[in-house]
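Notes to accompany the following structure.
The values are calculated or read from the model by the stated rules, or taken from the named source; none is laboratory data. For clarity, every value in this text was computed on a predicted model and none was experimentally measured. When we count neighbours, we look across all protein chains shown, and the Cβ atoms used for this are built from the backbone with ideal geometry, even at glycine. Surface accessibility is based on the protein's heavy atoms, side chains included, excluding ligands, DNA and RNA. Shrake-Rupley method; radii C 1.70, N 1.55, O 1.52, S 1.80 Å.
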Amino acid sequence: MAIKGEKEGERCLQCSTLCEACAEVCPNRANASVVVKRNVMPQIVHIDRLCNECGNCETFCPYSSVPYKEKLTLFSSIKDFEESKNIGFIVMDREKMLIKVRLEEKVFDVSLEENHSLLPNGIEDIITSIIKDYSYMI
Ligand code: SF4
Ligand code: SF4
């Protein structure tokens, strides 16, 4: 059975136009543009540990989004993951592709190898790309 999260995934992943303003205006590079397989457009991923919540990305988003709170967020510590309400994930074991992920305010432990396709496709593709191609972010 798939983990429900399509609604969250759609809201998070699809800016009406990916302008990348939130990546450009962030003084800390806490919003990263990530190229994801199967997607023509790159996706914005928020990197929690680099963000000081200055609000710049919210100010400059032309679609009234709040990128640092609404974009799929990569966490580096379990404490930060648990204290946040962002949809997002933390990599628990990179080799085994084990992650803890929060969607629709629920937390799931997922093995991307064993439970392949349980996550909404867009979310799974982004997380897989980060683990395999952007591991320096983790
Ligand atoms: S709120 Fe965070 S992500 Fe947004 S511009 Fe400031 S540091 Fe960057
Ligand atoms: S969240 Fe806003 S600023 Fe960032 S890419 Fe989407 S529309 Fe642009």
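Work through the residues other than Val34 whose Cβ is under 14 Å from its Cβ and net out their charges, Lys, Arg +1 and Asp, Glu -1. That works out to +1. For Glu82 and Glu104, the FRET efficiency from 1/(1 + (r/R0)^6), where r spans their Cβ atoms and R0 equals 25 Å, is about 0.95. Using a simple spin-label model with pseudo-atoms 7 Å out from Cα toward Cβ, Ser33 and Leu118 lie 3.4 nm apart. Can you give me the % of accessible surface on the stretch 37-92 that is carbon or sulfur? Probe 1.4 Å, all protein chains present, nothing else counted. Carbon with sulfur: 49 percent of the solvent-accessible area. Label point of Glu53 set 7 angstrom out along Cα-Cβ; within the stretch 68-95, amide nitrogens under 20 Å from it belong to 68-90. Only lysine pairs 8 or more places apart or on separate chains count here, and in the stretch 66-138 those with Cα atoms under 21 Å apart total 15. A cut-off under 9 angstrom between Cβ atoms defines the neighbours of His46, and their net charge, with Lys, Arg +1 and Asp, Glu -1, is 0. Counting only residues at least eight positions apart within a chain, or on another chain, the aspartates and glutamates with an alpha carbon under 16 Å from that of Lys37 are Glu124, Asp125, Asp133. Accessible surface calculations at 1.4 Å, restricted to protein heavy atoms, place the stretch 41-97 at 55 Å² per residue.
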